[in-house]
Amino acid sequence: MTGKIAFLDFDGTVTTKDTLLEFIKYCKGTTRFYLGFVLNGPWMLAYKIKLISNQRAKERILRHFFRRTPLDRFQQICDAFSRDRLAGLLRPKALGEIARLKEAGVEVVIVSASPENWIRGWTAGIGAELLATRLETMPGRENTDPPLLTGRIQCANCHGEEKVRRIKEAYDLGNYRQVYAYGDSPGDRPMLGLATAAFYKPFR
């Protein structure tokens, strides 16, 4: 039991803003972004007052903006967003901490409720692993057509207790002498509870 591992939430912890919202603005434009949220206002209100879950609210937004989008086209836009906009959303102190951890030989894992599609390239570039929400797809109209997004989440949104489940599924924490966790919201608290050293809103 000699290893060390660090789990970092992405949106709000490593970044300054929610990247799902920023991605929708990037992809659809500001006008369509705000119109979409006005049209789905009752669902957002229901989530705020805890009548529906985080996952149901997120799926409502995903269906509105991305249902039946070809996966290959969606991934192209995600790659462009990651290349063009993501660097401007990253907290310098978070990047410094990630660099420090890696220099100390700590395994670094980003754990995010945002879809993996626009985070994967960045984590690969810094040598970190990724556990994130996966989007459900369905077959295209023809066998040769690319898969289409359904607007639903595959299995469960990587949020709250699901972060814990995904971490335990991927890693045997008993193999690690030190487990670090970094988060910024109540949805990160279950993950922080796994750590030998937990940090809440550490990069503000």
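The values are calculated or read from the model by the stated rules, or taken from the named source; none is laboratory data. If you're wondering where the values come from, they're calculated on a predicted model, not measured in any experiment. Cβ atoms come from the backbone with ideal geometry, glycine included; neighbour counts cover every protein chain shown.
Any residue at all in region 129-150 that is under 14 Å from the mean Cα position of the chain (by Cα) and farther than 18 Å from N54 by Cβ? There is at least one residue in region 129-150 that is under 14 Å from the mean Cα position of the chain (by Cα) and farther than 18 Å from N54 by Cβ.
Sort out for me the helices (runs of 4 or more DSSP H) sitting completely within region 1-97 that have 3 or more residues that are at pLDDT 95 or above and not small (G, A, S).
The helices (runs of 4 or more DSSP H) meeting that bar are 19-28, 30-39, 54-66, 71-84.
Among residues of region 157-186 that are of a type in the set (D, E), those with a Cβ under 7 angstrom from a residue that is buried (at least 22 other Cβ atoms within 10 Å of the Cβ), sequence gap 6+ or separate chain, pair up as D184/D9; D184/T13.
A search for C-beta distances below 7 Å between a residue of region 19-44 that is touching a residue at least 40 places away in the same chain (Cβ under 8 Å) and of a type in the set (F, W, Y) and any residue that is surrounded by 18 or more Cβ atoms within 10 Å (Cβ to Cβ) and part of a helix (DSSP H, G or I), counting only pairs 6+ apart in sequence or on different chains, returns F23/F81; F23/W118; Y26/F81.
The residues in region 48-78 that are surrounded by 14 or more Cβ atoms within 10 Å (Cβ to Cβ) and over 20 Å from G140 (Cβ atoms) can be counted, and the count is 11.
Confirm whether G121 is among the small types (G, A, S), over 30 Å from P42 (Cα atoms), surrounded by fewer than 19 Cβ atoms within 10 Å (Cβ to Cβ) and touching a strand residue (DSSP E or B) at 6+ places or on another chain (Cβ under 8 Å). I'd like the intermediate steps shown before the answer.
On the way: among the small types (G, A, S): yes; over 30 Å from P42 (Cα atoms): yes; surrounded by fewer than 19 Cβ atoms within 10 Å (Cβ to Cβ): yes; touching a strand residue (DSSP E or B) at 6+ places or on another chain (Cβ under 8 Å): no.
Answer is no for this residue.
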